[in-house]
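For reference, the structure is listed below as C-alpha cells.
The values are calculated or read from the model by the stated rules, or taken from the named source; none is laboratory data. On a predicted model such as this, the values are computed, not experimentally measured, just so you know. No Cβ is skipped: glycine too gets one built from the backbone with ideal geometry, and neighbour counts run over all protein chains shown. These area figures cover heavy atoms from the full protein model, side chains too; ligands, DNA and RNA do not enter into them. Shrake-Rupley method; radii C 1.70, N 1.55, O 1.52, S 1.80 Å.
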Amino acid sequence: MTKVLVDNKEIDVPPEFTLLQACEEAGAEIPRFCFHDRLSIAGNCRMCLIEVKGGPPKPTASCAMSVRDLRPGPNGEPPAMFTNTPMVKKAREGVMEFLLINHPLDCPICDQGGECDLQDQAMAFGVDSSRYGENKRAVEDKYIGPLVKTSMNRCIHCTRCVRFTAEVAGTGDMGAIGRGEDMEITTYLESAMTSELQGNITDLCPVGALLPAPQSFRARAWEMQKTQTIDVMDAVGSAIRVDTRGREVMRILPRVNEAVNEEWISDKTRQIVDGLRAQRLDRPYLRENGKLRPATWPEAFAAIAAKVKTTPAARIGAIAGDLASVEEIYALKGLMASLGSANIDCRQDGAKLDPKLGRASYIFNATIAGIEEADALLIVGANPRKEAPVLNARIRKRWLRGNFPIGLIGEQVDLTYPYKYIGAGPDSLSPDTVKAPDSCKKPMLILGQGALARPDGAAVLARAIEVATASRAISDGWNGFSVLHTAAARVGALDLGFTPGEGGLDAAAMAGGGVDVLFNLGADEIEIAPGAFVIYQGSHGDAGAHRADVILPGAAYTEKSGTWVNTEGRVQQGERAAFPPGAAREDWAILRALSEAVGHKLPFDSLGALRAALYRDFPGMALIDAIPASPAFNAAGLKAGAPDKAPFISTVRDFYLTNAIARASAVMAECSALARGRARQAAE
C-alpha cells in the first residue's frame, strides 16, 4: 500500500491504482467520460483533470497516471493531489466547453435525458455559456443492428463502445474512421454487430449517441418504477433491474453483481421486453371437440379433477419447464406426492444428471468468479458464447490476463478467444489425451449440456469426472469440475429432487405416452405424443399450450416473487415487478387451488407459508445470495460404461429463440434472422 494525500486527506491505496481511483477512495468526486473500471484506459476525454503537487505546472489526467508514478515531497512527504483548486476548476470548464462545441442542443427529445452523464457533469463542472460561434459538425446516423439506435451528432468520441466490443465482447464490432473533427464511430461498412452482448454499449455510452432501439421514445426514466430481480434467460442468474410503467415492463437493465455478471447482461436478457407482452395466456382454456375454448377457473379445475380422480397414480406424471421458480416446483412436487405418483422430472432435454450422485455432480463447482482463479480450461460439449454469453465474457477476461491454455472438445466454433481444438466427441475425452500442464495448480473442466443431454450422457459424465480427477481439476481445496446449465430452473429442481422416484418415469417416457395425465409446468421444449390428457400451466401460448387439453395461465418471471438457483448453485430471489395479465395468477397459487380441487390440499395458503415449508425441507434454499455447501461426488452411483462415438453438439442452436418468452419477441425474431443470414453467408 502507498500513502497519498488527496485534498490534504491521507489515505493508503494500492500502487497500481490510478490517481482517479485514489481520489475516489478518499471521497472526492472525479468527473469522467472515457474512463471505465472494466475497460482499458484511453485518456482521451480529459474531463478527469486534477492537480498534482510537485508535478508539471498543468492539470494531470487522473485516469492515465498511476499512484506508483507519483514522486514524494522533497522531505519524503506523501505525494499530494488536489481535486478542487482554481486550476482544476478552470481546466474542467474548458474541457466541458470543448465537448459541447459540436454537441446538439436536443436534450428535450433525447431518450438519455435524465440519465445522461454529459448533462449531469455539464451542470456540475461546466459553465453557463460558450465562446464558440461557428456551425456545429453534423454526422450521419449509422446502422449497427436492430438493438442499438444511433444519433452520432451526440458522440463525444469517448471510445467506450469500441473498447467494450474489442475487450469484453471480443468481436471488435465497433471502430473509428477518419481523424480529428472527421472522426466517426461505426461498425465495418455499417453492418449489424455480431456480439451477444452488444446491448451493453448503450449502458456504457455517456451521452445519447447509442440508445436501445426497441425502447426508443417509449418512456422517460422518471416515469418508471424500478424493481431489482433475477434474469432467467439462461442459467447464469444475472442481476437485473426491471423498469415498469403501470402494468407494463418498459425495459430491463443490468445490476452490478461481482460474483455473477459483474455489470453486463446478454442481449436476450435485455431485449425480450416485447415478448413479455405478446402471445400471453390471460384466461383458462378447455379443449372441447378438438378445439380450445375460454373457460373459467372452476371449469378448468373441475375438468382436471374429474380426469385425475379416474386415473391410477402410476399413470399420472409431471414435467417442470426451464423457467419455473423453486416455489412452484416445490408445490408441484408436493401435489404429485399427495397423488401417489413418482413420475416427475425437470430434465425435459434428457440430461443425464441425478441428485443421487451428489450436488457436486451437477453444479458449476469452480463458481463463475472462480474462473478468474483457474490457470487452464477444458470445455467439453458446450458453446459458452451461445449458452451463457456473460460467463463466456468472464472466460475471455481471464484469457486476456495470459497464461491460460484453453482446450475444446465439441463443435469448432468462434468463442471470441483462441483455443486448442482437441476433438469432436467422447473419443477425445480421456486421461490419456487430456492432460493439464504440470505448472497448473487450478485446472478447470466445463461440461456442457451437449455432452449430457444424449443417451450416453451418464457415461460421458463418468468419463468427465475421471478426466477432471486425473488432471487435478478435483483436488484438495479446489474443485474445477463445472457443469454449465442452460435452463434457469434446472439446478433448483435438482436440489429439490424433482426427478423420478422409485419406479418412476423420466420426461422422455412420460412425453412418449407413458402416462395418461401429464402436468406440464411451462415445459415448451419437449414434444408430447398424442393420447395423454395434458394440463399446461405457463405464461405464453407456445408449444406446450398448443398441445394442452387444459391451459392454466401463469405468471412470467417478472410478475412473481420467486427463487432460482443458478448454474453455480447460488440461491437467488427475484421480486415481482408487474402483475400478470387478465385472469392469470402466480404459479404456486394456481397449484395450491388445484390441489384443493383434486382433493389433496397443499399445506400452505400464502407465499410466506410455502417458503417456510420449503426452508424446513430444504434449508439451503434459505441461504439467499449464497452457495450452499455441496456434498462430494457419490462415485458409487456413477454408471460405468463406454460412451458412443457421436460428436458433441450444443443444445442451444439459436441463441435468440431458446424459450417461450424469447420466441414471442419480434425483436428476438429479427436478431435470429440476422444471425441465420450471417451463418448462410459464412457457409457459402
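Listing for the model above:
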| item | result |
| --- | --- |
| Calculated FRET efficiency for the pair M123/A682, C-beta based, R₀ 51 Å, to 0.05 | 0.60 |
| Nitroxide proxy distance, nm - points 7 Å out along Cα→Cβ at D106 and I41 | 3.5 nm |
| Pairwise label distance in nanometres, R241 with E184, each label 7 Å out on the Cα-Cβ vector | 3.4 nm |
| Positive dipole terminus of the chain, leading residue within L494, V308, V148 (C-beta point charges) | V308 |
| Gain upon complete extension [S130, E575; 0.36 nm per residue less C-alpha separation] | 155.5 nm |
| A306/E527 FRET efficiency (R0 35 Å; Cβ-Cβ; nearest 0.05) | 0.85 |
| Accessible-area value, D587, 1.4 Å probe, nucleic acids and ligands omitted, Å² | 10 Å² |
| Other-chain or far-sequence residues with amide H under 5 Å of N365's (modelled H) | S482, V483 |
| Over region 294-352, volume per residue of the alpha carbon convex hull, in Å³ | 121 Å³ |
| Per residue accessible area of the chain, 1.4 Å probe, in Å² | 41 Å² |
| Segment E77-E596, length gained on full extension (0.36 nm per residue, minus Cα span) | 179.2 nm |
| Helix 389-400 vs. the chain, principal-axis angle (Cα, 0 to 90°, nearest 10) | 50 degrees |
| Using a Förster distance of 56 Å, the FRET efficiency for M1-R293 (Cβ separation, nearest 0.05) | 0.20 |
| Descending semi-axes in whole angstrom, ellipsoid equivalent of the chain, from the Cα gyration tensor | 49, 31, 23 |
| Percent of Cα pairs exceeding the 16 Å cut-off, where the set is region 417-487 | 50 percent |
| Net charge dipole size for the chain [Lys, Arg +1 and Asp, Glu -1 on Cβ; Debye, nearest 20] | 360 debye |
| Diffusion constant of region 523-681 at 10 °C, which comes from Stokes-Einstein with the Kirkwood Cα-pair radius and 1.306 mPa s, µm²/s | 81 µm²/s |
| Helix-only [θ]222 nm of the chain, DSSP H runs n ≥ 4, -39500 (n - 2.57) each, per residue, nearest 500 | -6500 deg cm²/dmol |
| Tail weight of P(r) past 20 Å, computed on alpha-carbon pairs of region 287-399, percent | 64 percent |
| Cross-link pairs beyond the 18 Å C-alpha cut-off, checked among K9/K53; K58/K89; K356/K601; K3/K53 | K356/K601 |
| In Hz, Karplus ³J(HN,Hα) per residue of region 434-440 (6.51, -1.76, 1.60; θ = phi - 60°; x = Gly, Pro) | 10, 9, 7, x, 4, 6, 6 |
| Inter-site label distance for T469 and E29 at 7 Å from Cα along Cβ, in nm | 5.9 nm |
| Contour excess over end-to-end distance, with Cα ends at S439 and R255 and 0.36 nm allotted per residue | 62.6 nm |
| Estimated D of region 1-72 in µm² per second, where Rh is the Kirkwood radius over Cα pairs and Stokes-Einstein applies at 25 °C, 0.890 mPa s | 199 µm²/s |
